[in-house]
1. Just checking, does the range 472-488 include any residue being assigned by TED's automatic domain parsing to the domain that holds K422, over 32 Å from the mean Cα position of the chain (by Cα), at pLDDT 55 or above and of a type in the set (D, E, K, R)?
2. Any residue at all in the range 395-414 that's of a type in the set (S, T, N, Q), at pLDDT 85 or above, farther than 30 Å from S284 by Cα and surrounded by 14 or more Cβ atoms within 10 Å (Cβ to Cβ)?
3. Is it the case that N211 is within 19 Å of the chain's Cα centre (by Cα) and either in the same structural domain as E37 (by TED's automatic domain parsing) or in contact (Cβ under 8 Å) with a residue 24 or more places away in the chain (or both)?
4. Mind checking which residues of the range 419-441 are surrounded by fewer than 19 Cβ atoms within 10 Å (Cβ to Cβ) and assigned to a strand (DSSP E or B)?
5. Output the residue which, of all residues in the range 65-84 that are over 16 Å from V167 (Cα atoms) and of a type in the set (S, T, Y), is farthest from the chain's Cα centre (by Cα).
6. Tell me whether the range 83-99 contains one or more residues that are surrounded by 15 or more Cβ atoms within 10 Å (Cβ to Cβ), hydrophobic (A, V, I, L, M, F, W, C) and in contact with a Ser or Thr (Cβ under 6 Å, 6 or more places away or on another chain).
Amino acid sequence: MLSSEEYQETKRQLRNITSTGKLRQTLRRSLLHKLKEHDYATKFTPFEPLPHTRFFINRITTEPVFDQIIKAATTSNEFTIDTESVNVYKSRNEPALIQVQIILPHDYSIAVLIETHHLPSDDDVTFLLFKKLFQILFSPDKIIYIWGSRRELIPFTQFGLFSEEQVNHIKSINLQNQFKIFWKQQHPHQPSSTTTNNCLCETCLGKNPGNSWSLQDAVAHELKEYLSKQSTLENFNIGLDLNLFDMNEKKKQYREQLVTYALHDCFSMHKILINMKNKNFNFSLEITIKIPYDMMESISSSDDEIMFSQLTPPIERLKNDQILNINQETQLISSPTYQNSNWKISSTNDSKSANQRQIQATPSQPDLAHTQHSQSTHDQELQHKTQQLPAEQRKRIHNRSCTLKQRRRYYQSEIIIKNIDKRFTIREIKDILKYQNVSFYAVNTSISSRTNERTLYIGIRDITKLSLYEHETKQLFTSSYFRQFQRMKRLISHPNHKFNQNVHQHHHHI
């Protein structure tokens, strides 16, 4: 909690921010976060979890401890799951911790902290017990509650404890979306009187109806408790189990602070879940819709962004034929997977498969007819659901549909170049392609959460030149090309030189 002087100083800084651009936004968010923490800490009592027992599982966990946890997970049908990651400068967050709460009768639970940076070797017998635990958790007779999408588990597949396919088939409930529906049902707008306004609808609370609820806000308004988020950016990969290392009292206290923070996210979901059940809320499972790979991101208009700027609410680019999780609150709809022939040529900057090529052709007529029939039925179901949504959300769905159709058209003929150098900006890529006389609709890049490799996607205008363009571009955008490209830019310092001239001279020196 801030002192009176600190509180006033924070408000003064917020009023007088002089920075511009991203720095201004970051500073503003930081100051607003401090004020919010102070206001909640002042107004509400600290969050208090229900009775529980906690376990750490890591490289020193014994088989008897695993047996206890696995037995509890086998007998339970409901779980909450949360994750923590570590911020990495100018890179993707590094997955560090998985928190699992095994919900037992009489509001009791077992909390398990899985320290993914302190696992045993994969040939150790206990590593198989890790995998067995997740097989039980992800089995079809279990329900997992998560504040957000189960997709946040995907980065953790790199540790080999479970697969992406297992994550896709989890029987999960997005408690964040469900709580939003619950709040609207419980708190419709109430007209204010001349003396009081006790309305608790989202608008009267000052919340944008189009935004999701943070867990902290939900705990504050539903439980009347303060859930601290002050440790959000801490290092959850250091080893939280006090038995992992010898440490002094200060380090022990710091780890206990992080453990409390991590577990309170699961425990608070549990208490919210109990409240929702007590008020007879009907939960909906996450629904999955397959959306073609080349429709996963918006078309870039940014010159310096690696990833696409978002035309509508953001979607994370995943892998081929990725599954997106939606429910009745969804703001996405899918377009038919097959309406035209979608041609792709895939190349790579990996020397092992530099000439590898994959061409996807039109499906057979029976398959096409079946797919279109299934899609038509599915679209009718989605249309019925969207008619029940508010006008603002229907508008978002319409906008997203238009964006997907445009994206599908732009990437109908596509060249995919894998493992390109991450330092190329979108503008540089476009200018290089223009110099090569590659006629394209749009370009896009993505970075794999598994391999950290960057892949380039080029939507080609003329399908008849697809093979020619693939041949002309397959040696571009490598690290070697980038280094020579930068050297040439430094050498050419005459102010009248244009960027395309630089590219031209650079190209002929390769």
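1. For the range 472-488, residues assigned by TED's automatic domain parsing to the domain that holds K422, over 32 Å from the mean Cα position of the chain (by Cα), at pLDDT 55 or above and of a type in the set (D, E, K, R): present.
2. No; the residues of the range 395-414 include none that is of a type in the set (S, T, N, Q), at pLDDT 85 or above, farther than 30 Å from S284 by Cα and surrounded by 14 or more Cβ atoms within 10 Å (Cβ to Cβ).
3. Answer is no for this residue.
4. Y441
5. T75
6. Within the range 83-99, one or more residues are surrounded by 15 or more Cβ atoms within 10 Å (Cβ to Cβ), hydrophobic (A, V, I, L, M, F, W, C) and in contact with a Ser or Thr (Cβ under 6 Å, 6 or more places away or on another chain).
Yes or no, residue by residue, for (1) in a strand (DSSP E or B); (2) exposed (fewer than 14 other Cβ atoms within 10 Å of the Cβ); (3) of a type in the set (F, W, Y); (4) in contact (Cβ under 8 Å) with a residue 24 or more places away in the chain:
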residue	(1), (2), (3), (4)
N444	yes, no, no, yes
S449	no, no, no, yes
N452	no, yes, no, yes
G459	yes, no, no, yes
T464	no, yes, no, no
Y469	no, no, yes, yes
Y481	no, no, yes, yes
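The rows are residues; the columns are (1) at pLDDT below 95; (2) hydrophobic (A, V, I, L, M, F, W, C); (3) under 22 Å from F44 (Cβ atoms).
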site	(1), (2), (3)
L233	yes, yes, no
I238	no, yes, no
L244	no, yes, no
Q257	no, no, yes
I272	no, yes, yes
F281	no, yes, no
I287	yes, yes, no
K290	yes, no, no
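The values are calculated or read from the model by the stated rules, or taken from the named source; none is laboratory data. Remember, predicted model here, so these are calculated numbers, not experimental data. With ideal geometry, Cβ positions are generated from the backbone for all residues, glycine too; neighbour counts draw on all protein chains shown.
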